[in-house]
Structure formats: C-alpha cells, structure tokens
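Everything below concerns the one structure shown next.
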Amino acid sequence: MAARVFFLTFLAIYSSVALASDSSPLQDFCVANPNNPVKVNGAVCKDPNVVEAKDFFMSGLNVVGDTNNPFGSTVTPANVVQIPGLNTLGISMVRIDYAPSGINAPHTHPRATEILTVLEGTLLVGFVTSNPENRLITKTLNKGDVFVFPIGLVHFQQNIGYGPAVAIAALSSQNPGVITIANVIFGSKPDIPTNILAKAFQTDPTIMAKIQSKF
C-alpha cells in the first residue's frame with residue numbers, strides 16, 4: 001500500500017513538472033515549418049536535410065524600439081515566429097524599450113515564466129498573486145538587476161527614470177503568449193456586455209461603454 005501511494009505521489013509530481021513548460025524535444029531540433037498545413041501543438045518540423053543556419057538566427061535586438069505610442073513602450077520579440085529553430089526548445093526572449101514614464105501595461109503570459117534584466121534605466125516592476133490574496137509584489141530595478149514574473153500572473157513594468165530604459169527578458173516557452181488585461185476586458189470582439197463589466201467593476205454601464213470605445 002505504501003509503495004502504491006509513493007508511486008502515485010511521484011507520478012503526480014512528475015506530471016506537474018512535465019506539464020509546466022513546452023514539451024521536450026525528441027531529436028536534436030525541429031525547425032518550424034509554418035507553410036505546412038498540418039496543425040499540431042507547436043509547428044511541424046522542417047526537413048532536417050534542408051535546415052540552415054538562418055533557421056536559428058535573428059538580428060535586430062540592438063535596434064531601439066519605437067516608443068511613440070500611448071503606452072510609451074514597445075516589445076521586440078524573438079520567439080518561434082522570428083526564429084523557427086526555437087520550435088520545441090521551450091525558450092524565447094524579448095527586448096523592451098520604454099520612454100520616460102512609459103509602461104508595459106499589466107498583462108500575463110499564459111505559457112511562460114519570465115526573467116527580466118534591466119540594461120539601461122530604472123524600472124518599477126511588479127506582479128499580483130492569484131485569488132483570494134491578490135497581493136501586489138513590487139521592486140525598483142536598476143541597470144543589471146534581474147526580476148522574475150511567475151507563469152500566468154499579471155505583471156507590469158514602468159520606467160520611473162529620467163531617460164529611456166531598456167530591458168531584455170527570457171521566457172520559458174517558444175510561444176509564451178500575451179494577454180494584456182485592458183485589451184481583453186475592454187477590447188474583446190464582440191464586446192463583453194457592459195452590464196457584466198459594470199457589475200464586475202461595481203460602476204455604471206455607461207462608464208464601461210465609454211472605456212470600451214477607446215479600444
């Protein structure tokens with residue numbers, strides 16, 4: 001009986017670890033072939049005999065991103081879309097540029113934990129724990145500082161310095177996904193009914209409609 005309990009416990013722990021990130025590769029690489037019509041969880045492999053160095057390469061993360069937008073920030077991704085060789089490898093990265101007072105608005109990555117390093121400037125970063133605590137955990141980061149955002153939790157960054165800021169972040173998925181909270185709530189297609197939003201936010205439906213009109 002004890003052995004059976006141990007086995008079931010081990011199986012549960014192993015399963016939770018195995019499902020916590022992208023599937024492990026079963027060969028040296030599986031370069032994504034986006035032109036293949038077959039739909040799988042990830043992407044179909046390109047014929048390894050025609051794989052080239054360019055399938056594992058991307059340039060441009062040295063280029064300053066355009067922050068001339070309402071958020072004052074821009075994200076330059078380096079995931080499986082830009083680098084097909086990342087398929088099945090469970091990792092990607094981004095460059096984030098921030099204008100003074102710019103923000104990377106509250107969002108989540110449904111498939112990845114994120115580890116962020118500040119290259120230039122000063123950032124206020126934070127994430128919120130899940131219900132029912134909803135505890136806000138924040139930290140001011142300077143050049144060279146590192147911070148982790150656990151998978152699935154709502155998080156954000158704000159440039160609180162006097163000049164531009166730059167960060168690089170690694171994510172534990174070839175395709176981490178992004179759910180920007182304001183966009184999904186107020187910019188869904190079709191709109192979430194205003195009476196539902198009004199009850200959720202404890203306010204008037206006309207206020208919700210006005211916010212939706214901005215998205």
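Put simply, of 215, 186 the only residue that is in contact with a Gly (Cβ under 6 Å, 6 or more places away or on another chain), within 27 Å of residue 67 (Cβ to Cβ) and of a type in the set (Phe, Trp, Tyr) is 215. Among the residues making up the range 68-120, those that are among the polar types (S, T, N, Q) and farther than 18 Å from residue 183 by Cβ are 68, 76, 79, 82, 87, 88, 92, 101, 113, 117. Taking the criterion of being exposed (fewer than 15 other Cβ atoms within 10 Å of the Cβ) and either touching a residue at least 24 places away in the same chain (Cβ under 8 Å) or not in a loop (DSSP other than H, G, I, E, B) (or both), the residues of the range 50-60 that qualify are 50, 53, 54, 56, 57.
Here residue 36 passes the criteria (1) more than 15 Å from the chain's Cα centre (by Cα); (2) closer than 20 Å to residue 168 by Cβ; (3) without any contact (Cβ under 8 Å) to a residue 24 or more places away in the chain; (4) surrounded by 12 or more Cβ atoms within 10 Å (Cβ to Cβ) except the one numbered (2). Based on this model, can you work out whether residue 165 counts as within 28 Å of residue 87 (Cβ to Cβ), open to solvent by less than 40 Å² (accessible area, probe 1.4 Å) and among the small types (Gly, Ala, Ser)? No, not satisfied. Taking the range 137-151, which residues are touching a residue at least 12 places away in the same chain (Cβ under 8 Å) and open to solvent by less than 60 Å² (accessible area, probe 1.4 Å)? 141, 144, 145, 147, 149, 150, listed by residue number. When the range 61-81 is filtered for residues that are open to solvent by less than 70 Å² (accessible area, probe 1.4 Å), outside any strand (DSSP E or B) and either more than 22 Å from residue 118 (Cβ to Cβ) or free of Cβ contacts under 8 Å to residues at least 40 places away in the same chain (or both), the ones remaining, listed by number, are 65, 69, 80. Here residue 111 fulfils each of the conditions (1) touching a Ser or Thr at 6+ places or on another chain (Cβ under 8 Å); (2) open to solvent by less than 40 Å² (accessible area, probe 1.4 Å) apart from (2).
Within the range 169-215, if we keep just the residues that are among the hydroxyl-bearing types (Ser, Thr, Tyr) and closer than 30 Å to residue 62 by Cβ, the residue that is surrounded by the most Cβ atoms within 10 Å (Cβ to Cβ) turns out to be 173. Answer yes or no as to whether residue 124 is aliphatic (A, V, I, L, M), under 19 Å from the mean Cα position of the chain (by Cα), surrounded by fewer than 16 Cβ atoms within 10 Å (Cβ to Cβ) and more than 24 Å from residue 76 (Cβ to Cβ). No: the conditions fail for residue 124.
Counting only residues that are in contact (Cβ under 8 Å) with a residue 40 or more places away in the chain and open to solvent by 60 Å² or more (accessible area, probe 1.4 Å), how many does the range 82-104 have?
From the range 82-104, those in contact (Cβ under 8 Å) with a residue 40 or more places away in the chain are 84-104; that's our starting set.
Next, only the ones that are open to solvent by 60 Å² or more (accessible area, probe 1.4 Å) stay: 89, 91, 93, 100-101.
Total satisfying the criteria: 5.
Out of the residues in the range 98-123 that are in a strand (DSSP E or B) and among the charged types (D, E, K, R), which is nearest to residue 141 (Cα to Cα)? Working first, answer last.
Within the range 98-123, the first condition is being in a strand (DSSP E or B), and the residues that meet it are 98, 103-108, 114-120, 123.
Narrowing further to those that are among the charged types (D, E, K, R): 114, 120.
On the way: 114: 15, 120: 10 Å.
So the residue we want is 120.
May I ask you to verify whether residue 206 is under 30 Å from residue 65 (Cα atoms) and not small (Gly, Ala, Ser)? For residue 206, the condition - under 30 Å from residue 65 (Cα atoms) and not small (Gly, Ala, Ser) - is not met.
The values are calculated or read from the model by the stated rules, or taken from the named source; none is laboratory data. Only a predicted model underlies this, so the values are computations on that prediction, with no experimental measurement involved. Cβ: placed from backbone, ideal geometry, glycine included. Neighbour counts: every protein chain shown. The area values use the complete protein model at the heavy-atom level, side chains included, leaving out ligands, DNA and RNA. Shrake-Rupley method; radii C 1.70, N 1.55, O 1.52, S 1.80 Å.
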